[in-house]
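The values are calculated or read from the model by the stated rules, or taken from the named source; none is laboratory data. For clarity, every value in this text was computed on a predicted model and none was experimentally measured. Please note: Cβ atoms are built from the backbone with ideal geometry, for glycine as well, and neighbour counts cover all protein chains shown.
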Amino acid sequence: MAGRKTREMQRFSYDSGMKKQIAVVEDEPALRENYAAALSRHGYLVKTYANRMTAMQSFQVRLPDLAIIDISLEDEAEGGFDLCRDLRALSAELPIIFLTARDSELDAVSGLRLGADDFLTKDVSLPHLAARVAALFRRIDALRRPDNAAEIVRRGALSIDAEKMHTTWNGAAVTLSLTEFWIVHALARNPGHVKNRQQLMDAANVVLDDNTITSHIKRMRRKFQQVDPAFDAIQTVYGMGYRWVE
Amino acid sequence: MSIRLQLLIVALTTLVLPWAGCQYARELESTLRTSQEKSLLASAGTIANALSAQPQRVFQDATAGHAFTPAAGDLYVYPLTTQPLLDGYRDAWNVAANPTPLPSSSGYRARVQTGSTERYLYVYMEVDDTHFDPQPRDDHPQTDRFDRVDMTVLGADGAPLEYFFATDAPGLIAAQSLAKGEDGTDSVVTEPRIQAFWLQTGAGYHLEARIPLSLLGQRLWIQAIDGRGNGRAGVDAHRAPEGGRLFFATTGLDALLETFIRDGTRATVIDANALKLGSAGNLTASNKDPDETGTTWWYRYFMGVDTTDMPILPSLPDALGGDSVTAALAGRPHAQWALSGGNSELLLTAAAPILVDAQTRGAVVLQQAGDQLLALRDHALTRLFNLTLIATASAVLIMFAFATWISMRIDRLRSAADSAVGSDGKIALHMPESGSGDEIGALARGFETLLGRLNEHTQYLRTLGGKLSHELRTPLTIVRSSLDNLESEGLRDDQRRYITRAREGTQRLQSILSALGAAARVEESIKQSERVSFDLREVTASAVAAYRDGFPASRIALDLPEGPCFVRGAPDLLVQLLDKLIENAVDFCTESGIITVSLARDATSYHLQVGNDGPLIPEALVGRLFESLFEQRQGRDDRPHFGLGLYIVRLVAEFHGGTAVAANRSDGSGVNFTVTLPLI
């Protein structure tokens with residue numbers, strides 16, 4: 001994993017002074033323009049595409065630094081998923097955010113399994129979106145720098161690199177989406193303290209309903225269990241929320 | 001009126017079958033009667049013709065053309081079948097008739113009966129004379145000083161012979177006659193050929209006399225004379241020389257008739273005076289059908305022959321009467337149904353005149369018992385009646401069973417239709433009976449189609465919220481992201497105010513949309529939930545502890561059973577269920593009220609109950625509370641209520657194989673929501 005990342009780094013060598021390019025693939029013109037305007041205001045170079053074809057043509061010429069993709073694109077109900085798969089084939093490291101009016105659990109699972117870094121519903125506000133974009137870039141930047149021990153939170157077998165937004169369990173990397181990372185981070189920073197769902201949503205800069213939080217937690221547990229089947233550090237406190245136990 | 005009853009009544013109309021059978025039988029009977037009449041009349045005619053060819057074997061020349069006049073002392077001589085013993089009684093005569101009273105001008109009464117065998121004429125007398133005056137023992141008695149019976153016979157040579165019967169002591173005596181002696185005095189001469197028996201009784205005396213037919217001509221006068229001069233009864237030969245005729249039955253006629261008749265028929269030949277000349281046969285058929293006796297009273301009641309307007313035949317031993325006889329003697333053949341005078345039996349009488357030289361000399365009367373016909377009819381009718389009754393009974397039974405079956409099917413369909421839309425809003429798509437090919441099956445299929453459409457519609461309504469929320473989300477996002485952008489442009493304060501209002505509006509819109517879509521999301525997340533075994537008691541306790549923190553203003557009472565309560569399912573969902581019930585309870589509980597949470601266990605299930613003091617649920621809504629987006633109750637806050645909470649409760653309960661029920665407390669103090677979950 002690490003080796004592949006290094007290779008990708010070389011391909012996307014850019015200096016910090018250079019404007020980062022974001023591709024917005026969204027078939028709704030008004031929404032597309034609003035996202036573009038907001039992201040431009042935050043200093044990004046935004047390219048917009050209305051459908052999978054035009055986006056893919058452009059990506060084959062030059063990859064953006066980050067892609068925000070709607071799932072249903074014009075007449076392709078799952079065009080975003082296809083695009084994500086194709087893009088991942090071009091680059092394993094490129095941050096991809098799904099932004100969709102759909103909020104079904106299944107979509108979120110599919111999107112994340114295809115390698116998206118985050119899955120947001122369109123309820124997310126523009127400042128929140130900008131924050132996430134910034135966080136993803138920060139994660140990529142941090143990966144390029146040597147480890148900064150000060151930023152690392154260690155809780156037993158868990159170590160969280162807040163800078164790189166990278167998580168390991170017993171030294172093995174656990175691939176978490178941005179939302180999941182922030183949830184783990186919020187829980188692990190104060191072990192034993194119960195975080196209710198609202199607190200977790202605030203930490204992750206998302207508006208989610210209870211069930212989505214529950215399924216995020218479930219998915220995170222599963223990811224940890226993939227590296228350690230005995231993992232049970234995230235505990236449900238019924239009626240209240242969740243807590244990290246060491 | 002139930003179908004069963006209706007069909008039963010319809011089935012009862014098959015009772016018309018026995019009725020029609022009865023009508024038919026009556027017609028049959030009437031036809032049979034007519035044909036029997038005709039046939040009997042034809043027989044009578046035939047016999048009459050045969051007899052008219054040999055009048056000498058039928059009629060007595062002596063009485064030909066003379067009217068039978070009892071007042072003139074005419075006597076009918078009964079044919080006697082046996083030789084009676086002279087004993088003063090006529091028991092051995094076998095004659096059904098009583099002796100005929102003799103004409104009397106005084107109060108002196110006497111009765112007489114005559115009978116004959118081949119050789120003798122028998123005369124029997126009863127005389128009412130309480131005082132016995134014996135005959136003195138002398139040769140020259142004063143003939144008017146003792147009781148005596150005078151008998152004058154017209155001798156075979158035409159000369160009258162006068163005899164008298166008298167005795168000094170009862171017993172066997174001989175007739176006496178007075179002979180004028182040469183001295184001019186009467187002397188008594190005994191005639192030993194004429195025997196008699198004198199029997200003294202309490203009321204008088206009986207005299208039974210026997211006269212050889214050889215002594216006898218065609219007339220006989222008889223009178224009883226009281227020895228004390230109290231009077232006499234009878235006919236004097238001198239006063240009525242034309243009277244005293246003896247009307248004999250014809251010898252040999254019985255045997256002759258015997259050759260004509262069939263069993264069960266009685267043939268009687270009468271002369272012009274309707275007196276019997278001879279008869280043969282009897283009315284009772286020898287080969288009676290034993291089955292006939294099996295008819296029951298009710299059957300007789302319904303089917304008996306109406307005899308009320310039938311004439312009653314006079315029952316005379318010596319003569320025949322009735323319309324037929326009258327008509328026949330007037331020269332017309334005639335048949336008639338009548339009742340016999342003696343025992344009220346139904347008789348068919350047919351009479352035909354016997355014409356000799358174009359003169360009606362007499363008639364042949366044939367009689368048949370109606371019973372014979374009745375027996376025939378009864379037999380047929382009883383069979384018919386029984387068969388139709390059995391047919392009716394089975395028709396009624398079959399119809400009743402059929403109606404029961406039909407109404408059972410309809411009932412099943414009805415109850416299925418009643419419960420097709422369950423209290424939880426679920427629609428049962430399958431109807432009973434839909435497999436059958438008849439109208440009920442078609443009805444059931446019609447119901448299924450209807451329910452199918454209803455279900456589609458319900459599904460559409462159920463998913464409408466989700467779809468709407470999805471479709472509206474994009475335009476809402478456009479509005480919101482535009483507001484976001486607008487805000488970043490740097491606004492004046494007054495502009496910012498409007499922006500803030502617009503944002504509040506979009507937030508409200510968003511929460512509404514979110515609620516609309518929540519049902520679908522919940523359903524989906526429930527679908528993906530994993531089942532584990534967990535302790536419901538522990539989860540409830542932990543959740544309630546959290547609620548006490550979360551809702552410090554509310555008082556929450558908790559009642560848990562001893563020991564762990566293991567349930568298989570998703571604890572997260574169950575907590576969500578509790579969340580919703582508690583939220584609901586908090587919303588509706590009165591300020592001072594208590595929210596009660598209790599968990600109980602019985603043989604088959606756990607009962608998780610959340611109750612609150614507060615307004616009751618209107619009865620009509622109790623079943624609908626758990627439907628999606630249903631909200632009727634007004635809570636204490638102004639938050640929009642989309643009724644998803646209780647819908648989620650229902651979904652979660654069903655996910656765990658249980659049910660959720662809302663009910664008002666019986667004392668009206670509040671509402672209880674009960675979730676029943678199966679034990680594992």
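Find the residue count for the stretch B:4-46, including only residues that are crowded, with 16+ Cβ neighbours inside 10 Å and among the β-branched types (Val, Ile, Thr).
Total satisfying the criteria: 1.
Pairs only if they're at least six apart or on different chains, beta carbon under 6 angstrom, first in the stretch A:225-246 and within 13 Å of another protein chain (Cβ to nearest Cβ) and closer than 14 Å to residue A:192 by Cα, second in a loop (DSSP other than H, G, I, E, B) and of a type in the set (A, V, I, L, M); list them, first residue then second.
Listed pairs, sorted by first residue: A:235/A:245; A:237/A:194; A:240/A:194; A:241/A:194; A:243/A:194.
Condition first: of a type in the set (Val, Ile, Thr) and either more than 26 Å from residue B:581 (Cβ to Cβ) or part of a loop (DSSP other than H, G, I, E, B) (or both). Now tell me which residues in the stretch A:194-233 satisfy that.
Result: A:194, A:206, A:207, A:227.
May I ask you to list the residues in the stretch B:205-220 that are surrounded by 14 or more Cβ atoms within 10 Å (Cβ to Cβ) and at pLDDT below 90?
The answer is B:213, B:215, B:216, B:217, B:218, B:219, B:220.
Out of everything in the stretch B:74-124 that is free of Cβ contacts under 8 Å to residues at least 60 places away in the same chain and of a type in the set (Val, Ile, Thr), what residue ends up being farthest from residue B:246 (Cα to Cα)?
Ranking the candidates gives B:82 first.
Which condition does residue B:208 not pass, out of (1) under 30 Å from residue B:60 (Cα atoms); (2) under 60 Å from the mean Cα position of the chain (by Cα), if it passes all the others?
Answer for residue B:208: the failing condition is (2).
When you check residue B:528 against the structure, is it out of contact with any strand residue (DSSP E or B) (no Cβ under 6 Å at 6 or more places or on another chain), more than 24 Å from residue A:242 (Cβ to Cβ) and modelled with pLDDT under 90, yes or no?
Answer is no for this residue.
Conditions: (1) among the hydrophobic types (A, V, I, L, M, F, W, C); (2) within 30 Å of residue B:565 (Cβ to Cβ); (3) facing chain A (nearest Cβ under 8 Å). Residue B:520 meets all but one. Number of the miss?
(2)
Among what's in the stretch A:190-224 and is among the polar types (S, T, N, Q) and within 17 Å of the chain's Cα centre (by Cα), pick the residue that is farthest from the other protein chains (Cβ to nearest Cβ).
Out of the qualifying residues, it is A:205.
For the stretch B:442-478, name all the residues that are more than 14 Å from every other protein chain (Cβ to nearest Cβ), surrounded by 14 or more Cβ atoms within 10 Å (Cβ to Cβ) and of a type in the set (Ser, Thr, Tyr).
B:458
What are the residues in the stretch A:19-61 that are more than 9 Å from chain B (Cβ to nearest Cβ), among the aromatic types (Phe, Trp, Tyr), under 15 Å from residue A:126 (Cα atoms) and in a helix (DSSP H, G or I), if any?
Scanning the stretch A:19-61 gives no hits.
Looking only at the stretch B:173-189, filter to residues that are out of contact with any Ser or Thr (no Cβ under 6 Å at 6 or more places or on another chain) and surrounded by fewer than 13 Cβ atoms within 10 Å (Cβ to Cβ); which one of those is nearest to residue B:207 (Cα to Cα)?
Only one residue tops the list, namely B:180.
Test residue A:126 against the criterion of being modelled with pLDDT of 85 or more, under 28 Å from residue B:506 (Cα atoms) and within 12 Å of another protein chain (Cβ to nearest Cβ), and give yes or no.
In short, yes.
Give the stretch B:579-589 a look and list any residue that's assigned to a helix (DSSP H, G or I) and surrounded by 24 or more Cβ atoms within 10 Å (Cβ to Cβ), or say none.
Answer for the stretch B:579-589, where residues must be assigned to a helix (DSSP H, G or I) and surrounded by 24 or more Cβ atoms within 10 Å (Cβ to Cβ): B:581, B:582, B:584, B:585.
What are the residues in the stretch B:170-195 that are modelled with pLDDT of 80 or more and on the phi > 0 side of the Ramachandran plot, if any?
Once the filter is applied, which keeps residues that are modelled with pLDDT of 80 or more and on the phi > 0 side of the Ramachandran plot, the stretch B:170-195 yields only B:171.
Of all residues in the stretch B:390-438, which are under 25 Å from residue B:21 (Cβ atoms) and either surrounded by fewer than 15 Cβ atoms within 10 Å (Cβ to Cβ) or among the aromatic types (Phe, Trp, Tyr) (or both)?
Correct list: B:390, B:391, B:393, B:394, B:397, B:398, B:400, B:401, B:402.
For the stretch B:13-32, state whether one or more residues are of a type in the set (A, V, I, L, M), assigned by TED's automatic domain parsing to the domain that holds residue B:367, at pLDDT 80 or above and not in a helix (DSSP H, G or I).
No - not one qualifying residue is present in the stretch B:13-32.
If we keep just the residues of the stretch B:479-510 that are polar (S, T, N, Q) and within 9 Å of another protein chain (Cβ to nearest Cβ), which is surrounded by the most Cβ atoms within 10 Å (Cβ to Cβ)?
The extreme case among them is B:481.
Within the stretch A:145-161, does at least one residue satisfy the condition of being under 19 Å from the mean Cα position of the chain (by Cα), touching a residue at least 40 places away in the same chain (Cβ under 8 Å) and not in a strand (DSSP E or B)?
So far as the stretch A:145-161 goes, no, none of its residues is under 19 Å from the mean Cα position of the chain (by Cα), touching a residue at least 40 places away in the same chain (Cβ under 8 Å) and not in a strand (DSSP E or B).
If you go through the stretch B:550-563 one residue at a time, do you hit one that is part of a helix (DSSP H, G or I) and within 13 Å of another protein chain (Cβ to nearest Cβ)? Working first, answer last.
Our first condition is that a residue be part of a helix (DSSP H, G or I); within the stretch B:550-563, this holds for B:550.
Remaining after also requiring within 13 Å of another protein chain (Cβ to nearest Cβ): B:550.
Scanning the stretch B:550-563, I find at least one residue that is part of a helix (DSSP H, G or I) and within 13 Å of another protein chain (Cβ to nearest Cβ), so the answer is yes.
Please work out if residue B:571 is closer than 29 Å to residue B:531 by Cα, more than 14 Å from chain A (Cβ to nearest Cβ) and not acidic (Asp, Glu). I'd like the intermediate steps shown before the answer.
Details: closer than 29 Å to residue B:531 by Cα: yes; more than 14 Å from chain A (Cβ to nearest Cβ): no; not acidic (Asp, Glu): yes.
It is false that residue B:571 is closer than 29 Å to residue B:531 by Cα, more than 14 Å from chain A (Cβ to nearest Cβ) and not acidic (Asp, Glu).
Taking the stretch A:99-115 only, how many residues are at pLDDT 70 or above and either in a loop (DSSP other than H, G, I, E, B) or away from every other protein chain (no Cβ under 13 Å) (or both)?
Qualifying residue count, the stretch A:99-115: 6.
Can you find even one residue in the stretch A:67-83 that is within 14 Å of chain B (Cβ to nearest Cβ), assigned to a helix (DSSP H, G or I) and charged (D, E, K, R)?
No, the stretch A:67-83 contains no residue that is within 14 Å of chain B (Cβ to nearest Cβ), assigned to a helix (DSSP H, G or I) and charged (D, E, K, R).
So which of A:188, A:233, A:157, A:173 ends up being surrounded by fewer than 15 Cβ atoms within 10 Å (Cβ to Cβ), of a type outside the set (S, T, N, Q) and not assigned by TED's automatic domain parsing to the domain that holds residue A:93?
Unique residue meeting the criteria: A:173.
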